[in-house]
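The values are calculated or read from the model by the stated rules, or taken from the named source; none is laboratory data. Model, not experiment: these values are computed from the prediction. Here Cβ is always computed from backbone atoms with ideal geometry, including for glycine, and neighbour counts include all displayed protein chains.
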Ligand code: PGA
(Lines give C-alpha, C1' and ligand atoms only; values in the text may rest on other atoms or scores of the structure.)
Protein backbone atom coordinates (compact mmCIF):
# COMPACT_ATOMS: atom_id res chain seq x y z
CA UNK A 1 0.00 0.00 0.00
CA UNK A 2 1.87 3.06 -1.16
CA UNK A 3 0.64 6.57 -0.53
CA UNK A 4 0.85 7.27 -4.24
CA UNK A 5 -1.48 4.37 -4.88
CA UNK A 6 -4.74 5.51 -6.44
CA UNK A 7 -6.60 2.51 -5.06
CA UNK A 8 -8.90 3.08 -2.12
CA UNK A 9 -8.17 1.75 1.33
CA UNK A 10 -10.77 -0.07 3.35
CA UNK A 11 -11.10 -1.45 6.87
CA UNK A 12 -14.18 -3.53 7.67
CA UNK A 13 -15.25 -4.49 11.19
CA UNK A 14 -17.18 -7.73 11.50
CA UNK A 15 -18.82 -7.81 14.92
CA UNK A 16 -20.17 -11.36 14.33
CA UNK A 17 -22.72 -12.26 17.07
CA UNK A 18 -21.61 -9.46 19.40
CA UNK A 19 -22.38 -7.50 21.52
CA UNK A 20 -25.51 -8.71 23.31
CA UNK A 21 -27.23 -5.40 24.06
CA UNK A 22 -28.10 -2.34 21.98
CA UNK A 23 -26.54 -0.14 24.67
CA UNK A 24 -23.18 -1.84 24.20
CA UNK A 25 -23.55 -1.69 20.42
CA UNK A 26 -24.21 2.06 20.52
CA UNK A 27 -21.18 2.58 22.72
CA UNK A 28 -18.84 0.61 20.45
CA UNK A 29 -20.18 2.29 17.32
CA UNK A 30 -19.71 5.76 18.84
CA UNK A 31 -16.15 4.82 19.79
CA UNK A 32 -15.39 3.65 16.26
CA UNK A 33 -16.83 6.85 14.80
CA UNK A 34 -14.62 8.88 17.08
CA UNK A 35 -11.43 7.06 16.13
CA UNK A 36 -12.14 6.80 12.41
CA UNK A 37 -13.11 10.48 12.21
CA UNK A 38 -9.49 11.30 12.99
CA UNK A 39 -8.02 9.28 10.10
CA UNK A 40 -8.06 10.35 6.45
CA UNK A 41 -7.92 8.25 3.33
CA UNK A 42 -9.44 5.02 4.67
CA UNK A 43 -13.05 3.93 4.23
CA UNK A 44 -14.36 2.28 7.38
CA UNK A 45 -17.32 -0.12 7.34
CA UNK A 46 -18.91 -1.56 10.48
CA UNK A 47 -20.97 -4.76 10.19
CA UNK A 48 -23.11 -5.27 13.30
CA UNK A 49 -25.67 -8.08 13.75
CA UNK A 50 -28.99 -7.48 11.91
CA UNK A 51 -31.04 -6.26 14.94
CA UNK A 52 -28.61 -3.36 15.49
CA UNK A 53 -28.39 -2.08 11.91
CA UNK A 54 -31.29 0.36 12.17
CA UNK A 55 -29.76 1.87 15.32
CA UNK A 56 -27.02 3.25 13.11
CA UNK A 57 -28.89 4.14 9.91
CA UNK A 58 -28.91 7.81 10.77
CA UNK A 59 -25.32 7.78 11.98
CA UNK A 60 -23.77 6.75 8.69
CA UNK A 61 -21.54 9.47 7.29
CA UNK A 62 -18.12 10.03 5.73
CA UNK A 63 -16.37 8.53 8.76
CA UNK A 64 -18.18 5.21 9.00
CA UNK A 65 -20.39 3.22 6.63
CA UNK A 66 -22.69 0.36 7.49
CA UNK A 67 -22.48 -3.22 6.31
CA UNK A 68 -24.33 -6.49 6.93
CA UNK A 69 -22.78 -9.87 7.74
CA UNK A 70 -24.98 -11.87 5.38
CA UNK A 71 -28.06 -11.61 3.15
CA UNK A 72 -30.56 -13.79 1.29
CA UNK A 73 -30.67 -13.75 -2.51
CA UNK A 74 -34.42 -13.64 -3.18
CA UNK A 75 -36.17 -10.23 -3.26
CA UNK A 76 -39.12 -11.06 -0.94
CA UNK A 77 -41.43 -13.87 0.14
CA UNK A 78 -41.80 -16.84 2.44
CA UNK A 79 -38.25 -17.30 3.68
CA UNK A 80 -38.37 -17.53 7.44
CA UNK A 81 -35.42 -15.94 9.14
CA UNK A 82 -33.91 -14.41 6.04
CA UNK A 83 -33.15 -10.78 5.18
CA UNK A 84 -33.27 -9.23 1.69
CA UNK A 85 -30.84 -6.82 0.05
CA UNK A 86 -33.61 -4.20 -0.16
CA UNK A 87 -34.12 -4.39 3.62
CA UNK A 88 -30.41 -3.81 4.09
CA UNK A 89 -30.45 -0.94 1.64
CA UNK A 90 -33.37 0.61 3.54
CA UNK A 91 -31.24 0.61 6.70
CA UNK A 92 -28.51 2.39 4.69
CA UNK A 93 -26.16 -0.54 4.42
CA UNK A 94 -23.68 0.00 1.61
CA UNK A 95 -21.73 -3.25 2.04
CA UNK A 96 -22.56 -6.91 2.61
CA UNK A 97 -20.16 -9.65 3.69
CA UNK A 98 -20.85 -12.75 1.60
CA UNK A 99 -19.48 -16.25 2.03
CA UNK A 100 -17.78 -15.82 5.39
CA UNK A 101 -16.21 -19.12 6.44
CA UNK A 102 -18.45 -19.21 9.50
CA UNK A 103 -21.47 -19.23 7.14
CA UNK A 104 -19.83 -21.69 4.77
CA UNK A 105 -19.38 -23.98 7.81
CA UNK A 106 -23.21 -24.18 7.93
CA UNK A 107 -23.34 -25.41 4.35
CA UNK A 108 -23.13 -22.25 2.27
CA UNK A 109 -21.75 -23.29 -1.11
CA UNK A 110 -20.08 -21.27 -3.85
CA UNK A 111 -23.36 -21.53 -5.75
CA UNK A 112 -25.27 -19.86 -2.91
CA UNK A 113 -22.53 -17.25 -2.52
CA UNK A 114 -22.77 -16.50 -6.22
CA UNK A 115 -26.55 -15.92 -5.99
CA UNK A 116 -26.10 -13.67 -2.98
CA UNK A 117 -23.43 -11.63 -4.75
CA UNK A 118 -25.65 -11.22 -7.79
CA UNK A 119 -28.51 -9.87 -5.66
CA UNK A 120 -26.21 -7.51 -3.74
CA UNK A 121 -24.77 -6.05 -6.94
CA UNK A 122 -28.20 -5.69 -8.52
CA UNK A 123 -29.19 -3.11 -5.93
CA UNK A 124 -25.88 -1.29 -6.16
CA UNK A 125 -24.31 -2.40 -2.89
CA UNK A 126 -20.75 -3.63 -2.50
CA UNK A 127 -20.17 -7.33 -1.82
CA UNK A 128 -17.25 -8.34 0.38
CA UNK A 129 -16.53 -11.84 -0.86
CA UNK A 130 -14.72 -13.98 1.71
CA UNK A 131 -12.48 -16.76 0.51
CA UNK A 132 -10.02 -18.92 2.39
CA UNK A 133 -8.70 -22.43 2.75
CA UNK A 134 -9.10 -24.59 5.83
CA UNK A 135 -5.52 -25.76 5.80
CA UNK A 136 -2.46 -25.71 3.60
CA UNK A 137 -0.95 -28.72 1.89
CA UNK A 138 2.56 -29.15 0.53
CA UNK A 139 1.32 -29.78 -3.01
CA UNK A 140 -0.37 -26.40 -3.16
CA UNK A 141 -3.83 -27.88 -3.73
CA UNK A 142 -5.24 -25.06 -1.61
CA UNK A 143 -4.43 -22.66 -4.45
CA UNK A 144 -6.69 -24.58 -6.82
CA UNK A 145 -9.34 -24.58 -4.09
CA UNK A 146 -9.10 -20.77 -3.73
CA UNK A 147 -9.15 -20.24 -7.48
CA UNK A 148 -12.31 -22.29 -7.68
CA UNK A 149 -13.90 -20.36 -4.82
CA UNK A 150 -13.26 -17.09 -6.66
CA UNK A 151 -14.38 -18.45 -10.02
CA UNK A 152 -17.63 -20.02 -8.82
CA UNK A 153 -18.51 -17.21 -6.43
CA UNK A 154 -18.12 -14.58 -9.15
CA UNK A 155 -19.83 -16.61 -11.84
CA UNK A 156 -22.77 -14.20 -12.14
CA UNK A 157 -20.65 -11.06 -12.06
CA UNK A 158 -19.97 -9.11 -15.23
CA UNK A 159 -17.12 -6.71 -15.89
CA UNK A 160 -19.32 -3.68 -15.34
CA UNK A 161 -20.19 -4.56 -11.75
CA UNK A 162 -16.76 -5.95 -10.87
CA UNK A 163 -15.66 -2.77 -9.01
CA UNK A 164 -18.49 -3.48 -6.51
CA UNK A 165 -16.60 -6.57 -5.36
CA UNK A 166 -14.08 -6.57 -2.54
CA UNK A 167 -12.13 -9.79 -1.99
CA UNK A 168 -11.34 -10.65 1.62
CA UNK A 169 -8.77 -13.39 1.92
CA UNK A 170 -9.37 -15.06 5.26
CA UNK A 171 -7.50 -18.34 5.73
CA UNK A 172 -9.67 -20.33 8.14
CA UNK A 173 -6.60 -21.51 10.04
CA UNK A 174 -5.82 -17.90 10.95
CA UNK A 175 -9.29 -16.78 12.10
CA UNK A 176 -9.97 -16.38 15.82
CA UNK A 177 -6.43 -17.35 16.77
CA UNK A 178 -3.70 -15.65 18.73
CA UNK A 179 -2.36 -12.65 16.88
CA UNK A 180 0.99 -14.40 16.43
CA UNK A 181 -0.78 -17.09 14.39
CA UNK A 182 -2.06 -14.64 11.77
CA UNK A 183 -0.41 -14.50 8.38
CA UNK A 184 2.85 -12.70 7.81
CA UNK A 185 3.02 -9.81 5.35
CA UNK A 186 5.26 -11.61 2.87
CA UNK A 187 2.99 -14.63 2.70
CA UNK A 188 0.01 -12.38 2.19
CA UNK A 189 1.82 -10.66 -0.65
CA UNK A 190 1.99 -14.00 -2.47
CA UNK A 191 -1.72 -14.52 -1.92
CA UNK A 192 -2.54 -11.03 -3.14
CA UNK A 193 -0.63 -11.65 -6.35
CA UNK A 194 -2.39 -14.98 -6.76
CA UNK A 195 -5.84 -13.41 -6.25
CA UNK A 196 -5.06 -10.59 -8.70
CA UNK A 197 -3.80 -13.09 -11.27
CA UNK A 198 -6.97 -15.14 -10.91
CA UNK A 199 -9.13 -12.04 -11.40
CA UNK A 200 -7.14 -11.06 -14.49
CA UNK A 201 -7.69 -14.55 -15.92
CA UNK A 202 -11.42 -14.26 -15.31
CA UNK A 203 -12.12 -10.66 -16.23
CA UNK A 204 -9.13 -9.21 -18.05
CA UNK A 205 -6.47 -6.86 -16.84
CA UNK A 206 -8.21 -3.52 -17.06
CA UNK A 207 -11.31 -4.40 -15.09
CA UNK A 208 -9.82 -6.53 -12.35
CA UNK A 209 -7.23 -4.03 -11.18
CA UNK A 210 -10.05 -2.10 -9.53
CA UNK A 211 -10.87 -4.75 -6.96
CA UNK A 212 -9.76 -4.10 -3.42
CA UNK A 213 -8.12 -6.98 -1.60
CA UNK A 214 -8.34 -7.32 2.18
CA UNK A 215 -6.72 -9.68 4.62
CA UNK A 216 -8.70 -11.10 7.55
CA UNK A 217 -7.84 -13.48 10.38
CA UNK A 218 -6.57 -12.39 13.81
CA UNK A 219 -5.65 -8.85 12.78
CA UNK A 220 -4.56 -6.59 15.64
CA UNK A 221 -2.43 -3.46 15.97
CA UNK A 222 0.55 -5.71 16.74
CA UNK A 223 0.55 -7.49 13.36
CA UNK A 224 -1.27 -4.95 11.17
CA UNK A 225 1.84 -2.94 10.23
CA UNK A 226 3.69 -5.87 8.70
CA UNK A 227 0.60 -7.02 6.80
CA UNK A 228 -0.31 -3.51 5.61
CA UNK A 229 3.21 -2.63 4.48
CA UNK A 230 4.27 -5.96 2.99
CA UNK A 231 1.05 -7.79 2.16
CA UNK A 232 0.11 -5.93 -1.06
CA UNK A 233 -3.37 -5.44 0.36
CA UNK A 234 -5.82 -2.53 0.47
CA UNK A 235 -6.96 -3.04 4.06
CA UNK A 236 -8.41 -5.51 6.54
CA UNK A 237 -11.49 -7.44 7.56
CA UNK A 238 -11.29 -7.37 11.34
CA UNK A 239 -13.25 -9.58 13.74
CA UNK A 240 -12.62 -9.41 17.50
CA UNK A 241 -10.59 -6.23 17.44
CA UNK A 242 -13.43 -4.33 15.78
CA UNK A 243 -15.30 -4.53 19.10
CA UNK A 244 -12.47 -2.57 20.73
CA UNK A 245 -12.61 0.97 19.31
CA UNK A 246 -9.10 1.90 20.49
CA UNK A 247 -7.49 -1.13 18.82
CA UNK A 248 -9.69 -0.82 15.76
CA UNK A 249 -8.67 2.85 15.50
CA UNK A 250 -5.00 1.82 15.66
CA UNK A 251 -5.53 -0.63 12.82
CA UNK A 252 -7.28 2.04 10.72
CA UNK A 253 -4.38 4.42 11.38
CA UNK A 254 -1.84 1.79 10.36
CA UNK A 255 -3.69 1.28 7.08
CA UNK A 256 -3.78 5.01 6.42
CA UNK A 257 -0.01 5.28 6.88
CA UNK A 258 0.98 2.16 4.97
P1 LIG B 1 -10.83 -12.41 13.82
O2 LIG B 1 -12.03 -12.64 12.78
O3 LIG B 1 -10.22 -11.06 13.47
O4 LIG B 1 -11.48 -12.41 15.17
O5 LIG B 1 -9.88 -13.53 13.63
C6 LIG B 1 -11.89 -12.29 11.43
C7 LIG B 1 -13.10 -12.72 10.65
O8 LIG B 1 -13.55 -13.86 10.81
O9 LIG B 1 -13.66 -11.94 9.84
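Quick notes on this one:
- Residue within region 210-224 that is away from the ligand (no atom under 15 Å from the Cβ), at pLDDT below 95 and in a helix (DSSP H, G or I) present: no
- Flag for residue 231 being within 16 Å of the ligand (Cβ to nearest atom), at pLDDT 95 or above and farther than 23 Å from residue 35 by Cα: yes
- Residue check for residue 118: part of a helix (DSSP H, G or I) and out of contact with any helix residue (DSSP H, G or I) (no Cβ under 8 Å at 6 or more places or on another chain): yes
- In region 103-115, the residue that is farthest from the ligand (Cβ to nearest atom) out of those that are in a helix (DSSP H, G or I) and within 23 Å of residue 215 (Cβ to Cβ) is 114.
- Any hit, region 133-149, residues being within 16 Å of the ligand (Cβ to nearest atom), under 16 Å from the mean Cα position of the chain (by Cα) and closer than 13 Å to residue 96 by Cβ: no
- Index of the failed condition, residue 258 passing every other in (1) under 21 Å from residue 65 (Cα atoms); (2) surrounded by 19 or more Cβ atoms within 10 Å (Cβ to Cβ); (3) touching a helix residue (DSSP H, G or I) at 6+ places or on another chain (Cβ under 6 Å): (1)
- Condition met for residue 195 (away from the ligand (no atom under 12 Å from the Cβ), surrounded by 15 or more Cβ atoms within 10 Å (Cβ to Cβ) and outside any helix (DSSP H, G or I)): no
- Residue in region 165-176 that is away from the ligand (no atom under 16 Å from the Cβ) and at pLDDT 95 or above present: yes
- Enumerated helices (runs of 4 or more DSSP H) restricted to region 20-102, each holding at least 1 residues that are within 23 Å of residue 175 (Cβ to Cβ) and over 17 Å from the mean Cα position of the chain (by Cα): 22-37, 50-56
- Residue within region 82-89 that is surrounded by 14 or more Cβ atoms within 10 Å (Cβ to Cβ), under 29 Å from residue 253 (Cβ atoms) and in contact (Cβ under 8 Å) with a residue 12 or more places away in the chain present: yes
- Qualifying residue in region 116-128 (condition: surrounded by fewer than 21 Cβ atoms within 10 Å (Cβ to Cβ) and closer than 24 Å to residue 190 by Cβ): no
- Given (1) more than 12 Å from the ligand (Cβ to nearest atom); (2) in contact with a helix residue (DSSP H, G or I) (Cβ under 9 Å, 6 or more places away or on another chain); (3) within 16 Å of residue 129 (Cα to Cα); (4) not in a helix (DSSP H, G or I), index of the condition residue 236 fails: (1)
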